[in-house]
Every structure is written in structure tokens, then in C-alpha cells.
Amino acid sequence: MVVKEIIHKHLSYTSIPEFFDGEYWPSQIWYCLRKQYYSRISPIPMSLESKKFTTLGTIIHEFIAETLKKEESVRVESEVPVRIPHPNRHDVVISGRADDIIIVTVGKSRYVVEVKTIDDLESKRSYLPRKEHIAQLNLYLRAYPNSKGIILYVDRGSFEMEEFEISFNPDLFNETIKRVEMLHDYLIKRELPPPEAKENQDMKWQCDFCEYRAKCEKQISSNNNNKK
Ligand code: SF4
């Protein structure tokens, strides 16, 4: 009980991340636009459940990076900085420390490995890799041209793994840039985006882990009442 309380106390301590106007993190761009808006305009700390979830992800990522480093023939870098200026707008940049990728160099070949932890890999195999994960890796492939991409899914419970090779896709890159522009414009205008994840079957799962769910649903019901 004593130990559990100490661990919970440390897990519960979360600082709210500081965002800079016009700077968008590669790992968040494919989150629901409304959630990203809330997290910048009226942020709340991460819940203990979400913190546990991300902590396990970090531990697995570190283990995989450390294990790869033991292989003599490969060079491994993790937590690398990424900066991709918007192709046309000087006020927008995709930037951040890429916590969930590992750069693996074998001879002249470079691999950008994105590690994603997942529950019950077996039951989810049929819809992997997820588009938002491909899009995130696609950004890193833009930052590391001529690299091969690998998404490595790791089951949090069984440690089963599945990997997918991904090549840079310019159309998907443009789609991601459009999302950044949309979010940027909503933020500048202080206009709440639609509840994107609720309206999109493939993104709906995000609502189950969203700290802003109560606020979002209150807003939806208030909008519905106003329409009556
Ligand atoms: S509850 Fe769902 S739709 Fe609403 S902000 Fe969160 S992720 Fe987006």
C-alpha cells in the first residue's frame, strides 16, 4: 500500500505542456482537432489513467531503444528533434522532440522506427497500421529523407509485436499539412472545431481516452438545445 501510494503520487504529478503559437507536434496532429484546440486554449492535466498508459508506452519504447543499441552493427538514436517548416506559411511549423521514434542506421540504410504500444494486438491486427500512425511516421520520413519507415506495434500485455514497412507518401504529407492549417486557423479565430473524433468512425476510439470528453459533450448538447 505504501509503495503504491508513492508511485501514484509521482504518476499523478503532471505539468501541463507549454505550446507555442504556430508550432505543432508531429505526434498530435492526427488527434481530434477539437481535442487539440482544448489542449491549447483551456488545458487540463492528464488523468492518472492516461498517465499510467503513457508511462508504460515510454518504458517499452526505452527498452526497445536500449535493446537495439546492444546490436553492434547498428547505430541507434532516440528522442530526436524534428522541425518541418510549412511549405508556404511562415507562421506555421511542425516541430518537437520525437519521443516515440528510434532512428536505426545499418550500413548505408536508415530506418525511422515508430514504436506504438497497444492493448490486445491479436484482436486489432486487421485494422493495423492505423492511418494516424502512418501519417505521423510519414512526417518523420519527410524530416529524414531517403529513409525507410517501420511502425512497430507492441502489445502492452503479452509483448507480442507486429511491424509494418512504410514509404514516404507525398499525398498523405499534404493531407497532414492541411490539418495543421485548419487547426492553426481555428486557433487564430478562437473558433471551436467540430467534434471530429465523434463524427468519424475511425477516430471514435480517441473519445474514450479524451480528458475533454465531458466539456465536449456539454458543448454538443448546448449546441443541440440552441437548435431546438
Ligand atoms: S470527446 Fe472526442 S470529439 Fe470530443 S474533443 Fe475529445 S476526442 Fe474530440
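Cβ-to-Cβ counts within 10 Å put His61, His8 in ascending order as His8, His61, the fewest first.
Per-residue ellipticity at 222 nm computed for the chain from its helices equals -13500 deg cm²/dmol, with DSSP H segments shorter than 4 residues left out and the rest contributing -39,500 (n - 2.57).
About its Cα centre, the dipole of region 22-227 is roughly 700 debye, where the only charges are +1 on Lys and Arg Cβ and -1 on Asp and Glu Cβ. Could you give the nm distance between label points at Arg97 and Ser167, where each point is 7 Å from its Cα heading toward the beta carbon? Modelled inter-label distance: 3.4 nm. Panel values: region 22-227, Kirkwood radius from alpha carbon pairs, Stokes-Einstein at 37 °C and 0.692 mPa s, translational diffusion coefficient 179 µm²/s. Remark: region 1-136 is approximated by an ellipsoid whose semi-axes, taken from the C-alpha gyration tensor as √(5λ), come to 26, 25, 16 Å, largest first. Computed from backbone phi with θ = phi - 60° and the Karplus coefficients 6.51, -1.76 and 1.60, the 3J(HN,Hα) list for region 192-202 is 5, x, x, x, 3, 5, 5, 8, 10, 3, 6 Hz; x is used for glycine and proline.
Region 47-64 and region 91-136 have their alpha-carbon centroids 15 Å apart. Structural descriptor for the chain: relative contact order 21 percent, calculated from alpha carbon pairs under 8 angstrom and at least 6 residues apart. As a length-normalised measure over Cα pairs under 8 Å and 6 or more apart, the relative contact order of region 93-136 settles at 24 percent. Extension gain for the segment Trp205 to Glu5, taken as residue separation times 0.36 nm less the Cα-Cα distance, is 69.0 nm to one decimal. Seen from Glu77, the other residues with C-beta closer than 11 Å to its C-beta sum to a net charge of +2, counting Lys and Arg as +1 and Asp and Glu as -1.
Put simply, the amide H of Glu79, placed in the peptide plane, has neighbours under 5 Å in Ile101, leaving out anything fewer than 5 places away on its chain.
In this Cβ point-charge picture (+1 for Lys and Arg, -1 for Asp and Glu), region 17-63 has a dipole of about 240 debye about its Cα centre.
In region 75-228, a dipole from Cβ-located charges (positive for Lys and Arg, negative for Asp and Glu) runs towards its positive end, and of His184, Phe173, Ser123 it is His184 whose Cα lies farthest in that direction. Semi-axes of the equivalent ellipsoid for region 23-93, computed as √(5λ) from the eigenvalues of its C-alpha gyration tensor and ordered from largest down, come to 29, 22, 7 Å.
Label reach from Asp119 (point 7 Å along Cα→C-beta): in region 185-211, amide nitrogens under 11 Å belong to 208-209. On the basis of the beta-carbon distance and an R0 of 30 Å, Asn174 and Ser222 show a calculated FRET efficiency of 0.30.
Only the coordinates and a few stated rules stand behind these numbers; no lab work does. A quick note: this is a predicted structure, and the numbers were derived from the prediction, not measured. Neighbour counts are summed over all protein chains in view; Cβ atoms, including those assigned to glycine, are modelled from backbone coordinates with ideal geometry.
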